[in-house]
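Peer 1: Submitted below is the structure of interest, expressed as structure tokens.
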Amino acid sequence: MTELHPKIPEWFQSRNWKPFSFQCETWQRYLEGDSGLLHAPTGFGKTLSVWLGPVSETLRTGRSPRNCEVLWITPLRALANDTLESLRKPLAGMGLGWSVEARTGDTSSYRKAKLREKFPYCLVTTPESLSLLLTYADTRQKLSNLKCVIVDEWHELLGTKRGVQTELCLTRLRTWLPELRIWGLSATLGNLEDAAKPLMGSNQYRLVAANQNKQIEIKTLIPDEIESFPWSGHLGTKSVKRVAKQLEKARTTLVFTNTRSQAEIWYQEIQEARPEWSDEIAIHHGSLSRDERGIVEAGLKDGSLRCVICTSSLDLGVDFSPVDQVIQIGSPKGIARLTQRAGRAGHSPGKVSKIICVPTNALELVEFSAARDAWNNKEIESRTLLKKPLDVLTQHLTTLVLGEPASPEVLKKEIFSAFSYSTLTEAEWNWAIMFLTNGGPLSAYPQYQKAELIDGLLTVTNKRTAQLHRMNIGTITSDTSVLIKFASGRTLGSVEEGFASRLKVGKQFVFAGRRLELIRFHKLTATVRAATKVSKGEVAIWGGSKMPLSTELSHAVARSLHSTIESPELKAVAPILKIQKSWSTLPSDNELLIEFTRTREGEHLFVYAFAGRLVNEGLGALVAFRLSRNSGESINVTQNDYGFCLGSPRGLPLDEEILREALTIDQLLEDLLECMNTAEMARRQFRYVARVAGLLIPDMPGKRKPTRDLQVSANLLFEVFSRYDPDNLLLEQARREILEHQLELERLKKTLASIQDRPFRLIETRRLTPMAFPLWADRLSAFLPAGDAATRLEKMLAKLQKSKE
């Protein structure tokens, strides 16, 4: 048994700390040469668990530390500075002057150049920056002393293209250094065995779990008045005064929202509710500039901020000790997300993490109660692994041969050893090599030929190809953004081009917590000044779909509707559930409730599948297509997390045999492809696939290509491939991503399979029930002008309120 170096227990004793058993186990496993995945609650010392093993090993050698013995991969460059602080603190406490530095996209050019000259003992970096390092010929030699790679917050990378990019980089490092040890860190995962496989490849590994019960206190700010017929977002910011009172009870609070626009709105509302706090409130999200975010993070650390309204930009890793309260606006949509955010407060062993939930509609009270029950029952979402994305593979192959020319046979052995590509076929591999060397149907254009075979080795010879590849390494793609700058030159952040293009000179809008006025818009830069006139202004909006309710939380909600244990939230919504039960019945996982209702707009079928928004969208479109194909009637669809609504002037059947046939799993893929306009969806998705694969180059030094130019290029490539290479694997991947990610095909299949075994409960109701009302209201918003929809909504509410009395 290898003993820990004495300096480490001495340092713990100097701080009156006692290591947890899982920390000791991790140190021992590392010193015995093992790799592994550590799973521990937020704030229990995961960093020290994996950091001090390598430190002890180096101390045991009795020599000075060598260059880059440890590589630390963080999912977000915004976490790099906090990671540096966490790693340097124990070294300083032990009197060790070892260098720990960061190399990310935020690192200055000067620092990057210095780091390329000499690597530190520990280098903190991101997947993108690690990929970039692999493009340089001297990286193998500079990493020759590497003993350990640590991947922080692995659950955030798992199941994403950035996670696969990380996995491929690790595979390259293992190829160079077979004895390399790899450790992953995660706080919130339901499938640990699966999660470890992409990290470890075919190597043996250990799972270390901290059997520590993290105490999380989940409370809800229950509205004084609750509508009997709630709809999406109907509470809006009505709770702002009560939220402000809650803020008074804590030194520092993080207020989490699910979207950037929602963060901007709540920041303005809290400012108006408490104008005397103007210097103590801040906003933080991913579209703000690095400098703006840095100012806010510094304010959190020194305790000068009372409240920060934020998005997932503050979900991870950063330890702001002064934070003693977290507020969640709206449903978190997942158990892991809620508990991760709760862990931002009480971010240390033994402390209780407290989170206060604020509903934006009454039915979210059920979701908060269900999330608490699920957490207490240890029900945490699993992450679905992403298998063999070919756009990431082609990008990575270019990275590899740019750094070191290699034969296809040598590369094949390396790539096939990666877990995510272990099922790659010979045909797919040969296609990837062909794509790399001649671009397939684009072989007449030299810019699409990334590498060539020279003496049997794939080699990048074109300097421009090398430059463009290094500039655009990465798998995160987004719409072209517009910089928001003051005339003085200070950058606030960026908004999407689609939003900025609608603004006119003199128009006011809200961004970065400020009311701004547009001065000019030129070359994807919007110059602004602080607005002087009192006007609300349009809040900046960003594209992207709403998050769906997770499978685990969906099941928990369905159970909660029938719970005999009255939580404060369920007690508050009891009158709503009583009406639902009186006019129809409460939906559940054990049977499929289908309601039929007639209104002035026509006939409606409400189907409560409890499958999340994306699956319900696919189910609704599928059932509407099948019913319409048989009846000839036009059927429209709306959906939410609980179910979907079919609307038609006439002809909707409340017939179990017909509905079971419409919900059959037979011919699922064929019917989905026909009814969902997947061709156009795939065309849009291909743009992102093509960008990752290196077919589209968005930026050049000193130039920014407008989005429309990229769209033209992507559309042109899509047409060329569709016409001359219809079996192109990137086209196939774009179609697959639409089905797997935008429609959650696997979850949809499981939902349909479960429906086959459930009894149907068909009920014709005289009026809209509380569960049906939000679906009907969404239909109004989708198909009527805003003014007409509001009028109709008010009339229906009045009618339903009268009926319940």
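Peer 1: Which of the residues spanning segment 148-202 are in a helix (DSSP H, G or I), open to solvent by less than 10 Å² (accessible area, probe 1.4 Å) and polar (S, T, N, Q)?
Peer 2: Listed by number, the residues that qualify are Gln165, Thr166, Thr171.
Peer 1: May I pose another question? Look at Gly612 and say whether it is crowded, with 22+ Cβ neighbours inside 10 Å, on the phi < 0 side of the Ramachandran plot and of a type outside the set (S, T, N, Q).
Peer 2: Spelling it out, it is not the case that Gly612 is crowded, with 22+ Cβ neighbours inside 10 Å, on the phi < 0 side of the Ramachandran plot and of a type outside the set (S, T, N, Q).
Peer 1: Here is a follow-up. Are any residues in segment 122-147 more than 27 Å from the chain's Cα centre (by Cα) and in a strand (DSSP E or B), and if so, which ones?
Peer 2: Cys122
Peer 1: Identify, from the list Gly62, Gly43, the residue that is in contact with a Pro (Cβ under 9 Å, 6 or more places away or on another chain) and either more than 26 Å from Gly474 (Cα to Cα) or among the basic types (Lys, Arg) (or both).
Peer 2: Being in contact with a Pro (Cβ under 9 Å, 6 or more places away or on another chain) and either more than 26 Å from Gly474 (Cα to Cα) or among the basic types (Lys, Arg) (or both) holds for just one of Gly62, Gly43, which is Gly43.
Peer 1: Would you please list the contacts, defined by Cβ atoms under 7 Å and residues six or more apart or on different chains, that run from a residue in segment 218-239 that is more than 17 Å from Met771 (Cβ to Cβ) and modelled with pLDDT of 85 or more to a residue that is of a type in the set (Lys, Arg) and open to solvent by less than 60 Å² (accessible area, probe 1.4 Å)?
Peer 2: Filtered contacts from segment 218-239: Ile218/Arg372.
Peer 1: Quick one: is His562 surrounded by fewer than 18 Cβ atoms within 10 Å (Cβ to Cβ) and part of a helix (DSSP H, G or I)?
Peer 2: No.
Peer 1: Part of a loop (DSSP other than H, G, I, E, B) and either open to solvent by 20 Å² or more (accessible area, probe 1.4 Å) or closer than 19 Å to Pro223 by Cα (or both) - does that describe any residue in segment 333-341?
Peer 2: Checking segment 333-341: at least one residue is part of a loop (DSSP other than H, G, I, E, B) and either open to solvent by 20 Å² or more (accessible area, probe 1.4 Å) or closer than 19 Å to Pro223 by Cα (or both).
Peer 1: Output the qualifying pairs, or none if there are none: Cβ atoms under 6 angstrom, residues six or more apart or on different chains, first residue in segment 368-380 and more than 15 Å from Cys357 (Cα to Cα), second residue part of a helix (DSSP H, G or I) and β-branched (Val, Ile, Thr).
Peer 2: Ala374/Ile335; Ile380/Ile335
Peer 1: How many residues does segment 207-222 contain that are more than 21 Å from Ala342 (Cα to Cα) and surrounded by fewer than 18 Cβ atoms within 10 Å (Cβ to Cβ)?
Peer 2: Number of matching residues: 1.
Peer 1: Let me ask something additional. Take segment 588-614 and flag every residue that is polar (S, T, N, Q) and either part of a strand (DSSP E or B) or in contact (Cβ under 8 Å) with a residue 40 or more places away in the chain (or both).
Peer 2: Asn590, Thr597, Thr599
Peer 1: Any idea which residue in segment 640-692 is surrounded by the most Cβ atoms within 10 Å (Cβ to Cβ), counting only those that are of a type in the set (D, E, K, R) and under 26 Å from the mean Cα position of the chain (by Cα)?
Peer 2: Asp641
Peer 1: Of the conditions (1) out of contact with any strand residue (DSSP E or B) (no Cβ under 7 Å at 6 or more places or on another chain); (2) assigned to a loop (DSSP other than H, G, I, E, B), Arg344 clears all except one; give me its number.
Peer 2: (1)
Peer 1: Considering only residues that are open to solvent by 60 Å² or more (accessible area, probe 1.4 Å) and farther than 19 Å from Glu538 by Cα, which ones fall in segment 244-279?
Peer 2: The answer is Lys245, Glu248, Lys249, Arg251, Pro275, Glu276, Asp279.
Peer 1: Evaluate segment 385-402: report whether one residue or more is assigned to a helix (DSSP H, G or I), open to solvent by 40 Å² or more (accessible area, probe 1.4 Å) and not hydroxyl-bearing (Ser, Thr, Tyr).
Peer 2: no
Peer 1: So which residues in segment 513-528 are within 19 Å of Gln271 (Cβ to Cβ) and either out of contact with any Gly (no Cβ under 8 Å at 6 or more places or on another chain) or surrounded by 21 or more Cβ atoms within 10 Å (Cβ to Cβ) (or both), if there are any at all?
Peer 2: Gly513, Arg514, Leu516, Val528
Every residue, every condition in (1) without any contact (Cβ under 8 Å) to a residue 60 or more places away in the chain; (2) open to solvent by 50 Å² or more (accessible area, probe 1.4 Å), yes or no:
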{"residue": "Glu414", "(1), (2)": "no, no"}
{"residue": "Leu424", "(1), (2)": "yes, no"}
{"residue": "Ala427", "(1), (2)": "yes, yes"}
{"residue": "Asn438", "(1), (2)": "yes, yes"}
{"residue": "Leu442", "(1), (2)": "no, no"}
{"residue": "Pro446", "(1), (2)": "yes, yes"}
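Peer 1: Select from segment 749-764 the residues that are open to solvent by less than 10 Å² (accessible area, probe 1.4 Å) and more than 27 Å from the chain's Cα centre (by Cα) and list them in ascending order.
Peer 2: Within segment 749-764, Ile755 is the sole residue that qualifies.
Peer 1: While we're on this one: I'd like the residue in segment 719-733 that is without any contact (Cβ under 8 Å) to a residue 24 or more places away in the chain and of a type outside the set (S, T, N, Q) and, out of all such residues, is most open to solvent (accessible area, probe 1.4 Å).
Peer 2: Within segment 719-733, the match that is most open to solvent (accessible area, probe 1.4 Å) is Arg723.
Peer 1: Another question about this same structure. From the list Glu69, Glu156, Glu117, which residue is acidic (Asp, Glu) and modelled with pLDDT of 95 or more?
Peer 2: Glu69
Peer 1: Still on this structure, I have one more. When you check Ser582 against the structure, is it open to solvent by 60 Å² or more (accessible area, probe 1.4 Å), among the polar types (S, T, N, Q) and either over 21 Å from Lys378 (Cβ atoms) or not in a loop (DSSP other than H, G, I, E, B) (or both), yes or no?
Peer 2: yes
Peer 1: Of all strands (runs of 3 or more DSSP E) completely enclosed by segment 451-499, which ones contain at least 2 residues that are surrounded by fewer than 17 Cβ atoms within 10 Å (Cβ to Cβ)?
Peer 2: 452-454, 457-459
Peer 1: Do you know which of the residues in segment 280-292 that are open to solvent by less than 30 Å² (accessible area, probe 1.4 Å) and out of contact with any Lys or Arg (no Cβ under 8 Å at 6 or more places or on another chain) is nearest to Thr252 (Cα to Cα)?
Peer 2: Out of the qualifying residues, it is Ala282.
Peer 1: Hey, another quick one. Can you name every residue in segment 360-384 that is in a helix (DSSP H, G or I), open to solvent by 10 Å² or more (accessible area, probe 1.4 Å) and of a type outside the set (Asp, Glu)?
Peer 2: Those that are in a helix (DSSP H, G or I), open to solvent by 10 Å² or more (accessible area, probe 1.4 Å) and of a type outside the set (Asp, Glu): Arg372, Trp375, Asn376.
The values are calculated or read from the model by the stated rules, or taken from the named source; none is laboratory data. This one's a predicted model, so the numbers in the text were calculated from it and none came from an experiment. Using ideal geometry, Cβ is built from the backbone for each residue, glycine included, and neighbour counts are taken over all protein chains shown. What goes into the accessible areas is simple: the full protein's heavy atoms, side chains included, and nothing from ligands, DNA or RNA. Shrake-Rupley method; radii C 1.70, N 1.55, O 1.52, S 1.80 Å.
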